[in-house]
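Derivation of every value follows stated rules applied to the coordinates shown; laboratory data play no part. Predicted, not measured: the structure shown is a model, and the values here were computed from it. Every residue, glycine as well, gets a Cβ built from its backbone with ideal geometry; the counts of neighbours run over all protein chains shown.
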């Protein structure tokens, strides 16, 4: 149940997208509090998990903003939310702006934080370290891009999930990398950056309630690549970070000031920073909870639910005063997010989930794919089957439990092949 203390019973909430990560959880959260929930997308109900549990379903694509604006007004909807899909979040902002409904993020704020180049400019203005960046000519000609020290990372400025990512070791590879990154960018905007060791980073969380910025925890993230041609994706996350004290001492005050300068009344944020022995270089930021549903570890560690705050704000334009300071954190325990991945194939059978759900260590399972889904060799976070959240006594025990998961969980394609794998154990 919602812990904000606000009575939202009977209000109408429109959720954009019924299949994307986070939407099913929004529906469940809202319905537990007596909220009437509508889910919209272009998919039939059997392929849209959030539609199956909603009070009402609309067969309108989230791309059709004009139709949704009309329906929101016609049906007297009180609020609009999206999950982690950046496409749907941008549509949420447009719909709320056109209908006068509350929205935790406006277009200007979104354009700053969603675009990696704009975010880096903001960090520089606030004295926060970011990766070195190279200017390249739009022509993508090799001769135009002299003076670059290789290797470099090339990526879209406005994409996520490691889509369009390349590590380039020569001018020839850079030319290919620029074209590849542009193919994943809606604006054709590309970043060329100094190569950093992507394997070791931290994820830093902040929450804004009634204009006050709260630090909400930090994890150590280990990333790997599925193949030499793919971008880095999460292999495992551990809370809390071994370098949390160093971060709080060096950068927390600057980051709070930076977020305050953007004028958020309510907000949920994650920041990825490369970590070299307690020296942090910021990489990117999200104005949403993470795709692994990062509000779950924050609820466990700090005793409040970011999703509660988002639903409350979407329906009322405000939040009740609440304590978001450190509450339940137990440094003797390890909270782990363990993604399990699937290889190319059509998912036909899943075994072992029931055994996993019986374990006392389990906090939650965040599904990404379902039976019937066709998986390709995307080389990105699209190949995550599920994010598994659990709590144990140490990182060593976390690795043992992750190994047990891989021995217990089996996913088969339509040819009977086991297609589950992971990047950590």
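Sorted fewest first by neighbouring Cβ atoms within 10 angstrom, 159, 394 come out as 394, 159.
Place a label point 7 angstrom from the Cα of residue 421 along the Cα-to-Cβ direction, then list the residues of segment 189-229 whose backbone nitrogen is under 19 Å away. Those under the cut-off are 199, 222-229. This ranking places 76, 341 by how few other beta-carbon atoms lie within 10 Å of each, fewest first, which gives 76, 341.
On the basis of the beta-carbon distance and an R0 of 30 Å, residue 126 and residue 396 show a calculated FRET efficiency of 0.20.
Given the choices (i) 122; (ii) 141; (iii) 203, volume of the Cα convex hull per residue in Å³ derived from the coordinates of this structure is entry (ii). Just how far, in whole angstrom, is segment 1-76 from segment 188-261 if you go by their alpha carbon centroids? Each part reduced to its Cα centre gives a spacing of 30 Å. Counting other Cβ atoms within 10 Å as a rough exposure proxy, the listed residues 337, 350, 371 run 371, 350, 337 from fewest neighbours to most.
Considering only 116, 346, 73, the Gaussian network model of the chain with Cα springs below 10 Å gives its largest mean-square fluctuation to 73.
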